[in-house]
Structures are given as structure tokens and as C-alpha cells.
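Q: This is the structure, below, for whatever I ask next.
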Amino acid sequence: MPEKNTETPQPEPEQPAGPQQPAVRTLDARSLRGLAHPLRIRMLAALRHEGPATASRLAEQLGESSGATSYHLRQLAAHGFVEDAPGHGKGRERWWRAVHQGTAFDETLMYDESDPETRGAADAFLHEIATIHTQELNTWLGDSHNWPREWRASTDMSDFTLRLTPAQATELIHKVHDLVNGYRDLPQAEDTETVRFHTHAFPRRGHA
């Protein structure tokens, strides 16, 4: 999904031309299998959100060993998700950066009966994204009292139930993504903060 536009790798349908899109990596079967590990997904998200880092910095941030983060960074690099970040730090520390701003997920990878390994990777990938979204929301709810009132009043946790065809649902998703992308390059004000914006759209049976 790139956040076709997404910094945390997430599924998203292909979008038509509209507001400026971020650089996105579209997953194929091989790259999906290379990414579909909880720590790799979180490390890639951290590099996209926070910028370049070393294996030791990521280990401290994510509560892992530097040996684990170093290994998984090399795996991410082998699949083209991260690369060396020259000009950062001093000495022999190796710095890494994300190659793309977002990850695009093709839902057909979930339904390839001839490739159960890829279907399993797709399932693991999507469930990890859902877990990350839940954790981010829970973190906000637990910490919201520490934010100024104007920020507490500028957040949203809504859900809607609509009666749509698949084409209408796809159109709505594209419009929401275009709207969000239109805010990417606004001038930075003094009170600007990083804002996470989640979207979820899915059908359910038996409800009018």
C-alpha cells in the first residue's frame, strides 16, 4: 500500500494521477518475502519516519540487539529497501537510510494458490501493519494528556459505514489519498508536528 503514500509499509491500491506522490516501492513476491518480518517492517518504518540511523541506534529505539538489527538491515538492503547513508556520523559506524517513502502492496499476492509461501508472507505483512496501527493509536491515547489542548482537539478517531460498490470504494480511497498527499509539501510553521494519518476500508457481510 504505498502510503502508496505510506511511510509505515501498508497495503494500498494503485492510484491515478493526482497530487504529488511519494517515492514508492511496489512489492512483488520476492520483495514481499524479504520484508514480511515484524522487525524488518518496524526498522523500515523507523528509517522512513526518523531518517537515517545505525544498527545500534535502531536496536536501542526498538528494544532489540544490535546484532539482530544489523542482520535485518543487510536483508532489507539485499531486497532494495535500504541503502548506505553517506555523510552521517563519524568513525566506522555504518548509517542506513530508506530508499523509498512508501510501500505498495498488491492484494493478488494473498490469493496465489500456487505460492503458499508468498501467501503466508502477505498475511504476516498485513497483520503486522494492523498491529502497528493499533499500537500507534494506543500510544497516542496513553500520552494525549501531555499534549497542548489545541493538539488534543486536532485529532480524530472516527469510523463510517457506507453502502458502496467495489468501484465506488476504490474511487473514495483514491480521493482520500489524493487529499492527504495534497498536504505533504505545505510550508513548515513553528507549531508543525509529525502527524500519523491511518485509513482502513473493507467490506463486511450481513449488514444493511
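Q: Anything in segment 46-61 that is buried (at least 17 other Cβ atoms within 10 Å of the Cβ) and in a helix (DSSP H, G or I)? List them, or say none.
A: Listed by number, the residues that qualify are 46, 47, 48, 55, 57, 58, 59.
Q: Now a separate question. When you check residue 64 against the structure, is it of a type outside the set (Lys, Arg), assigned to a loop (DSSP other than H, G, I, E, B) and open to solvent by 70 Å² or more (accessible area, probe 1.4 Å), yes or no?
A: yes
Q: Now for a separate question. Is there a residue in segment 74-94 that is touching a residue at least 40 places away in the same chain (Cβ under 8 Å), assigned to a helix (DSSP H, G or I) and open to solvent by 20 Å² or more (accessible area, probe 1.4 Å)?
A: Yes, segment 74-94 contains a residue that is touching a residue at least 40 places away in the same chain (Cβ under 8 Å), assigned to a helix (DSSP H, G or I) and open to solvent by 20 Å² or more (accessible area, probe 1.4 Å).
Q: If you don't mind, another one. Provide a single number: the residues in segment 138-194 that are in a helix (DSSP H, G or I) and charged (D, E, K, R).
A: 7
Q: Do the conditions hold for residue 144, that is, is it under 26 Å from residue 33 (Cα atoms), open to solvent by less than 80 Å² (accessible area, probe 1.4 Å) and touching a helix residue (DSSP H, G or I) at 6+ places or on another chain (Cβ under 9 Å)?
A: Answer is no for this residue.
Q: Is there any pair linking a residue in segment 46-69 that is touching a residue at least 12 places away in the same chain (Cβ under 8 Å) to one that is open to solvent by less than 10 Å² (accessible area, probe 1.4 Å) and among the polar types (S, T, N, Q), with Cβ under 8 Å and at least six apart or on different chains, and which?
A: Once the first residue is touching a residue at least 12 places away in the same chain (Cβ under 8 Å) and sits in segment 46-69, its partners that are open to solvent by less than 10 Å² (accessible area, probe 1.4 Å) and among the polar types (S, T, N, Q) give 48/8; 49/8; 55/69; 56/69; 58/69; 62/69.
Q: What's the number of the only condition in (1) under 30 Å from residue 51 (Cβ atoms); (2) surrounded by fewer than 13 Cβ atoms within 10 Å (Cβ to Cβ) that residue 162 fails to meet?
A: The failed condition is (1).
Q: Taking segment 97-137 as the search range and keeping residues that are touching a residue at least 12 places away in the same chain (Cβ under 8 Å), more than 23 Å from residue 52 (Cα to Cα) and not in a helix (DSSP H, G or I), which one is least open to solvent (accessible area, probe 1.4 Å)?
A: For segment 97-137, the residue satisfying everything is 105.
Q: Based on what the data block shows, is residue 180 at pLDDT 90 or above and touching a Phe, Trp or Tyr at 6+ places or on another chain (Cβ under 7 Å)?
A: Yes, satisfied.
The values are calculated or read from the model by the stated rules, or taken from the named source; none is laboratory data. Small disclaimer: the values here were computed from a predicted structure and weren't measured. Here Cβ is always computed from backbone atoms with ideal geometry, including for glycine, and neighbour counts include all displayed protein chains. Just so you know, the surface numbers come from the protein's heavy atoms only, side chains and all, with ligands and any DNA or RNA stripped out. Shrake-Rupley method; radii C 1.70, N 1.55, O 1.52, S 1.80 Å.
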